[in-house]
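Shown next, in structure tokens, is the structure this report addresses.
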Amino acid sequence: MGECVIIRAGLAQAREQSSGGDSGASAYMATIMAAKGSELIIQSVETKHYHLPLTHPMTDASHGVMTHFEVVLVKLETDCGLAGYGYTYTIGCGGAAIRSLIELNLVSALLGADANCIEQLWDRMWWRMHYIGRGGLVAFAMSAVDIALWDLRCKRLDLPLWKLLGGYSREVRAYAGGIDLQLEPDELVEQTRCNLRKGFRAIKIKVGRARLSEDVERVRAVRQCIGSDTPLMVDANMRYSVEQAISAARKFREFDVYWFEEPTIPDDYKGMARIATEGGLPIAAGENLHTVYEFRHSIEDAMIAFPEPDVSNIGGITNWMRVANLAYTHNLPVTSHGVHELHLHLLAAIPNASFLEVHSFGLERFIKNPPTLRDGVMEASDAPGHGVQFDWEQLRQYEKS
Ligand SMILES: [Mg+2]
């Protein structure tokens, strides 16, 4: 315990000195090197479950009207007093089960372990839960733990997540991820104008209405609003059959759609490949894929052009980076889904980043330092760790026992 406290104090002191000259910088580096190799023993695992109301109901083509979302939070405390935070979210149900999985099945795999050995702990969790897992709720539970482990590692090394993972570019292009299937074209245009005023330079809207003509009118209205140079994405949330999706893609092509997201269920690899080739639009998918193997099939067999892993349900940062590297080897960019405050760091870390989806179900209301947008770009911060600081006072009223 004492060693870690000394290292933290040394880092702060050396960083202060480093502004004064070469000797200070050397001391800083020497302290970083001294920190290497020291164990970081997990002494406690705390979980919390929140049921958070949305500011207004949201609708997509498959999940209906959403009024709440859930956050399951994990706090890992170590023998030196350092704490790491991780979390996952749901669109209204399943949170209690995820929390139970962590408390009943993962905590015992973590207590007493060295938090530096993230790959080892990830593998331990994976195989402990493999028989009932290989995705699903287990992937959500592992995500929350894994994110907390990476937060710890960053804090121990006094580095922001985006730099620890690779440090490619702190600036990431962002788009407004609308959950807006309920809006009529004039309302959609008003929402779009509002997003442009906020600084967005790329827009995504939902499609998947009962009649394709309604979808076409919505896409047409937004394209006319934003002009020809602003990227426009559409998201069907798996609503179409393969034949419907091919017809829709051919209609949407007129409006220069940047990507067509989840046109059908992600499990239909052959169908998805047909939509890509016969529909003629790049396909995005990933929020409903929970293993790297599903991503491999989606890239190699389903021809998705924009993999979009969600760090909160793919098994955390460890697996998100595996998908990013898989995409890299296939010469593909990577985009994201939800929790943009975390994905900002991940996309800033890699060379093959596409757009960052800006949408967290309003979670920014419960974060003290949400990232800000300027002229279509968000910047990852240099705070150690993932940098997300929750407003515990705001959250407390929504905590589930
Ligand atoms: Mg989507």
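The values are calculated or read from the model by the stated rules, or taken from the named source; none is laboratory data. Source: prediction; values computed, not measured. Cβ sites come from the backbone with ideal geometry, for glycine too, and all protein chains shown count toward neighbours.
How many residues does the stretch 281-325 contain that are in contact with a Pro (Cβ under 9 Å, 6 or more places away or on another chain) and acidic (Asp, Glu)? The qualifying residues number 2. Only a single item in (1) within 16 Å of the ligand (Cβ to nearest atom); (2) in contact with a helix residue (DSSP H, G or I) (Cβ under 8 Å, 6 or more places away or on another chain); (3) part of a helix (DSSP H, G or I) is not met by Ala348, and it is number (1).
Counting residues in the stretch 364-376 that are surrounded by 23 or more Cβ atoms within 10 Å (Cβ to Cβ), assigned to a loop (DSSP other than H, G, I, E, B), more than 16 Å from the ligand (Cβ to nearest atom) and not hydrophobic (A, V, I, L, M, F, W, C) gives zero. When Ile147 is tested against (1) without any contact (Cβ under 8 Å) to a residue 60 or more places away in the chain; (2) closer than 22 Å to Leu363 by Cβ, just one condition goes unmet, and that condition is (1). Just one of (1) away from the ligand (no atom under 13 Å from the Cβ); (2) among the aliphatic types (A, V, I, L, M); (3) closer than 17 Å to Arg211 by Cα fails for Val234. It is (1). Could you tell me whether Leu161 is more than 16 Å from the ligand (Cβ to nearest atom), under 22 Å from the mean Cα position of the chain (by Cα) and touching a residue at least 12 places away in the same chain (Cβ under 8 Å)? Yes, satisfied.
Scanning the stretch 195-206 for residues that are touching a Phe, Trp or Tyr at 6+ places or on another chain (Cβ under 8 Å) and over 11 Å from Ala176 (Cβ atoms) yields a total of 0. The selection criterion, being touching a strand residue (DSSP E or B) at 6+ places or on another chain (Cβ under 8 Å) and free of Cβ contacts under 8 Å to residues at least 24 places away in the same chain, does not hold for Gln182.
To keep it simple, each residue is scored yes or no on (1) out of contact with any strand residue (DSSP E or B) (no Cβ under 9 Å at 6 or more places or on another chain); (2) in the same structural domain as Trp259 (by TED's automatic domain parsing); (3) within 17 Å of Phe260 (Cβ to Cβ).
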residue	(1), (2), (3)
Gly166	yes, yes, no
Arg170	no, yes, no
Gly178	no, yes, yes
Leu196	no, yes, no
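Just wondering, is there one or more residues in the stretch 210-222 that are within 16 Å of the ligand (Cβ to nearest atom) and polar (S, T, N, Q)? No, that holds for no residue.
Residue-wise test of (1) within 14 Å of the ligand (Cβ to nearest atom); (2) under 23 Å from Leu188 (Cα atoms); (3) not in a strand (DSSP E or B).
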position: Arg250; (1), (2), (3): no, yes, yes
position: Arg253; (1), (2), (3): no, yes, yes
position: Trp259; (1), (2), (3): yes, yes, no
position: Ile275; (1), (2), (3): no, no, yes
position: Glu278; (1), (2), (3): no, no, yes
position: Tyr293; (1), (2), (3): no, no, yes
position: Ile317; (1), (2), (3): no, no, yes
position: Val323; (1), (2), (3): no, no, yes
